[in-house]
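Asks: Quick one: the structure is below, questions incoming.
The values are calculated or read from the model by the stated rules, or taken from the named source; none is laboratory data. From a predicted model like this one, the values you see are computed outputs, not experimental measurements. Every residue, glycine as well, gets a Cβ built from its backbone with ideal geometry; the counts of neighbours run over all protein chains shown. Side chains included, ligands, DNA and RNA excluded: accessible areas come from the protein's heavy atoms. Shrake-Rupley method; radii C 1.70, N 1.55, O 1.52, S 1.80 Å.
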Amino acid sequence: MSGATLDNLSTESRSFPPPEGFADQANATADWYDRADADREAFWAEQADRLAWAERWDQVLDWQPPFAKWFVGGKLNVAYNCVDRHVEAGHGEQVAFHWEGEPGDTRTVTYAELQRDVCKAANALTELGVRAGDRVAIQLPMIPEAVVSMLACARLGAAHSVVFGGFSPGALKARVLDAEAKLLITSDGQFRRGKPAPMKENTDQAIAETPSIEHVLVVKRTETEVPWTEGRDVWWHEAVDRQPDTHEAEAFDAENPLFILYTSGTTGTPKGILHTSGGYLTQAAYTHHVVFDHKPGESVYWCTADIGWVTGHSYIVYGPLANRATSVMYEGTPNTPHEGRHFEIIQKYGVTIYYTAPTLIRTFMKWGKEIPEKYDLSSLKVLGSVGESINPEAWMWYRENIGHDNCPIVDTWWQTETGAIMIAPLPGVTAAKPGSAMRTLPGISAEIVTEEAEPVGPGGGGYLVLDKPWPAMLRGIWGDEERYRDTYWSRFADQGYYFAGDGAKYDDDGAIWLLGRVDDVMNVSGHRISTTEVESALVSHPTVAEAAVVGAADATTGQAIVAFVILRGNAAYDESTSETVLKELRDHVAKEIGPIAKPRQIMVVQELPKTRSGKIMRRLLRDVAENREVGDVTTLADSSVMNLISDGLNKGKSED
Ligand code: ATP
Ligand code: MG
């Protein structure tokens, strides 16, 4: 047929309406969809009105494709919206963050304290020469100073560029150079898996040749000895603590840059995604309010992402704080000092909203349900997922073992580029299907199309595009307009669609299913098969916790499916059983979604190559499957994983 599409292989008949009583108290109701469709700009203006504006906008949207301005002429201060206005409204004593350090130390930060901390930091940054329009690089562990630093920048109208704490000096250097950051905020060290690891040593290396950096502001976290450059380096406690704890927040234009964030690099060279203020904050706050059904002063909210990812920006910092959330913030890894750490924290603080990634849910599956069973998780009301497609079985496991069949699950699709959630259920409205992100949120519009931009219609799969501008959309790639147009707007230039890079399908009821990146699509005997559906079929077998599939060149079928699986903790597997187990898995896939999707070979592995944000990196597995030298592994969380996989490959093959 003309216009390549994606095969639709799986079907899902399960569906779960909101639990009893949930709909009556939900923040958003079904009529929001129609209201937003009837007048999108009025709808977004209403959402923007949830914020405090120093000057009201005179135009909701100025759309000169592919450049958008939202709330034109409006002025606001993002930090004031996230902190001060709550204190002024009498909520200074409400906890903003229950912070839990990896070694077990804790801090409680109220909104009044956060206000003082942000003011002091803003004063210190001013003393260090930071002005509106500047860029500040931040590489910090998950400590309250990370949030304070981001808000201090926002308060001053300077853009931050947060770099994940685990990134190498090279990665930090590239980002500092690209953004020409003036100041770097970092720490002496960071706790990771129970041990202090150096941080400043690395950041010093990173900025050895970055002329734009004038100062380095260093938070003391691990009491690690650090190299020191007099005149350039300044301790946080010396520069910030002595400052006055008030600071006059200036209002900035709605389109003032708020941050640059480099995408995690699953696909290639990181891109500096630029986000601005008014539209971004509007959508971050709106989505946090409706998707998680957040209730200020009542909910206890925990997003487990790192502030180095967009999820940390939008759903640890800006969305929740704009909505006056009480949040949990955790510094460490989920298995330090034991595999029940997250559940212990949920129990300790009575977490009501828990937002995490499929990679962690599948890890919990691997560790076994006996672990969450030991904790009281009855406070939970809403569960969220982001980052990759959540396999239906992982969704069910999450629902049963963490949510006790009583919590709506919101699978949220969005990207660094979209700034905030785009496709997700509304927990008080949607009857959610396991594994589906369901539909675009009120105010958001998407379409699934063929290569020729024809809508695929119910039951069809193709390219996911966003056909109307949205408030939190990226405003460009920092310093590279050409790349912005090329990357996102060239594929469907005639239609003016933003192409997200992902494949998706509608099921017969019109629910949206994300199918993975189109670059990963496998072409088997002319069938275009998504990685997601085959992986989900594998994960639906009771012995499998996690799976990654790739298309490898094949003389007969063009490409053949090669699968890598991690078994659940209790699955029996050794030399003697391997042949039977692997055959059973291959047959299982054939039975679940059809013989065309049957993997040519399956390999059992201990780990899969993942980015530092926990996403499977299929292009490296493709190298292994095609016996090529493995490509660039620098963005991998653990680069030794690839050696283990390559070594094991020749032992564990199953073919017929
Ligand atoms: P890069 O763009 O540099 O390759 P990345 O795409 O991994 O990195 P992010 O912006 O963090 O960086 O991730 C967005 C992508 O994550 C989406 O395009 C999609 O592929 C995937 N994703 C996020 N949430 C979901 C979800 N709920 N379901 C399916 N896929 C998701
Ligand atoms: Mg991407």
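Asks: Return the lysines within reach of K271: Cα separation strictly under 25 angstrom, same-chain partners fewer than 8 residues apart disregarded; answer none if there are no such residues.
Replies: Reachable lysines: K69, K173, K182, K200, K468, K610, K615.
Asks: Normalized C-alpha radius of gyration of the range 353-444, against 2.2 N^0.38 Å? Let's see the in-between values first.
Replies: Numbers: Rg = 13.0 Å, N = 92, 2.2 N^0.38 = 12.3 Å.
Taking N as the residue count of the range 353-444, the ratio is 1.06.
Asks: Between K195 and D519, what is the spin-label point distance in nm, taking each point 7 Å from the Cα along the Cα→C-beta axis?
Replies: 3.3
Asks: Another one. Taking R0 as 45 Å, what FRET efficiency do you get between Q64 and E12 from their Cβ-Cβ distance, rounded to the nearest 0.05?
Replies: On the way: r = 41 Å, r/R0 = 0.91.
For R0 = 45 Å, the calculated efficiency reads 0.65.
Asks: Can you give me the solvent accessible area of D587 with a 1.4 Å probe, rounded to the nearest 10 Å²?
Replies: Here the residue's solvent-accessible area equals roughly 50 Å².
Asks: Okay, moving on. Measure nothing fancy, just the Cα-based angle from helix 640-649's long axis to the longest principal axis of the chain, in degrees from 0 to 90, nearest 10.
Replies: 0
Asks: List the residues whose amide H sits under 5 Å from the amide H of Q415, counting only those 5 or more places along or on another chain, with H placed 1.01 Å from N in the peptide plane.
Replies: A420
Asks: Nearest-5 percent of antiparallel DSSP beta bridges in the chain?
Replies: Of those bridges, close to 60 percent are antiparallel.
Asks: Excluding residues on the same chain fewer than 8 positions from K369, give the lysines whose Cα lies under 21 Å from its Cα.
Replies: Cα-Cα hits under 21 Å: K348, K381.
Asks: Full-extension gain between Q205 and E41, please, as 0.36 nm times their residue separation minus the C-alpha to C-alpha distance.
Replies: Fully extending the segment from Q205 to E41 adds 54.3 nm.
Asks: Okay, moving on. Among DSSP bridges having both ends in the range 521-652, what percentage is antiparallel? Round to the nearest 5. Could the numbers behind the result be given before it?
Replies: Details: 16 of 20 bridges.
Rounded to the nearest five, the antiparallel share is 80 percent.
Asks: If you don't mind, another one. Return the calculated 222 nm mean residue ellipticity for the chain, to the nearest 500 deg cm²/dmol, obtained by summing -39500 (n - 2.57) across DSSP H runs with n ≥ 4 and dividing by the residue count.
Replies: Calculated from helices alone, the mean residue ellipticity at 222 nm is -7500 deg cm²/dmol.
Asks: Another question, then. Using unit Cβ charges (K, R positive; D, E negative) and no other charged atoms, how large, in debye to the nearest 20, is the dipole of the range 521-652 about its Cα centre? Provide the component values of the computation, followed by the final result.
Replies: Numbers: 15 positive and 17 negative charges, 74 e Å.
Its charge dipole is roughly 360 debye.
Asks: Compute the distance in nm between two label points, each set 7 Å from the Cα along the Cα-to-Cβ direction, one at E370 and one at S639.
Replies: In this crude label model, E370 to S639 measures out at 3.8 nm.
Asks: Need one value: the accessible area of T532 in square angstrom, 1.4 angstrom probe, rounded to the nearest 10.
Replies: Probe radius 1.4 Å; accessible area of T532 about 20 Å².
Asks: E452 versus S490, label points 7 Å from Cα toward the beta carbon: distance in nm?
Replies: Taking the two extended label points, one gets 2.3 nm.
Asks: For the chain, what size does the Cα cloud have along each of its three principal axes, sorted from largest down, in whole Å?
Replies: 73, 59, 51
Asks: Rg to Rh for the range 521-652: what is it, with Cα atoms only and Rh by Kirkwood? It would help to have the intermediate numbers written out before the result.
Replies: On the way: Rg = 14.0 Å, Rh = 14.9 Å.
That ratio equals 0.94.
Asks: Return the long-range amide H neighbours of L6 (sequence gap of 5 or more, or a different chain), with a cut-off of under 5 Å between placed amide H atoms.
Replies: When sequence neighbours closer than 5 places are left aside, the close amide H contacts are G461, G462.
Asks: Taking all protein chains together and a probe of 1.4 Å, list E447, E452 from the most accessible to the least accessible.
Replies: In descending accessible area the options line up as E452, E447.
Asks: Among DSSP beta bridges lying fully in the range 348-459, give the percent that are antiparallel, nearest 5.
Replies: Bridges in the range 348-459 that DSSP calls antiparallel: roughly 30 percent.
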